[in-house]
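Have a look at the structure below, then the notes.
Readers should treat all values here as calculations from the given coordinates under stated rules, not as data from a laboratory. No experiment lies behind these values; they were computed from the predicted model shown. Don't worry about glycine lacking a Cβ; one is built from the backbone with ideal geometry, like all the others, and counts go over all protein chains shown.
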């Protein structure tokens, strides 16, 4: 089983936000974790925003370590032009932010490669989860899965 993590799930892992334990428990059933290449940038950005705006109080070194620890097991999904074009269409169809649409298209592409049975979607954004369900991605956080 492969876990596709969007940036909201990656941040939860890195910063151990509420829900971390449940997420980590669900991820133990997965052999690998994946995210598109720009997910790293989103993770770094979100972690530093949390520090800057005071939602967490840890040192810069600790933030960097937490980000690297969360990212280190990630299988990076490279983005080709077909996936980018699909993301553009998804952004319009589901009224998504740009990188949310890229996450959706990257996960869909990976699911096409490995099969629906072998991919789980991990995300904490309601609108993005709704779009993921609409294209057939299986919610890895749902309690009734597996």
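Observations
- Difference of contour (0.36 nm per residue) and Cα-Cα distance, residue 65 to residue 22: 13.3 nm
- Residue order, fewest to most surrounding Cβ atoms within 10 angstrom, among 135, 84: 84, 135
- Cα-projected label distance for residue 89 with residue 133, points at 7 Å along beta-carbon direction, nm: 2.3
- Full-extension gain in nm, residue 112 to residue 124, via 0.36 nm per residue minus C-alpha separation: 2.1 nm
- For the pair residue 52 and residue 72, a Förster radius of 41 Å applied to the C-beta separation gives a FRET efficiency near 0.95, rounded to the nearest 0.05.
- Computed over the alpha carbons of the chain, Rg followed by Dmax gives 14.7, 41 Å.
- On Cα atoms only, tilt of 39-52 relative to the major axis of the chain in degrees: 30
- CD proxy at 222 nm, helix term only [per DSSP H run n ≥ 4: -39500 (n - 2.57); per residue of the chain; nearest 500]: -17500 deg cm²/dmol
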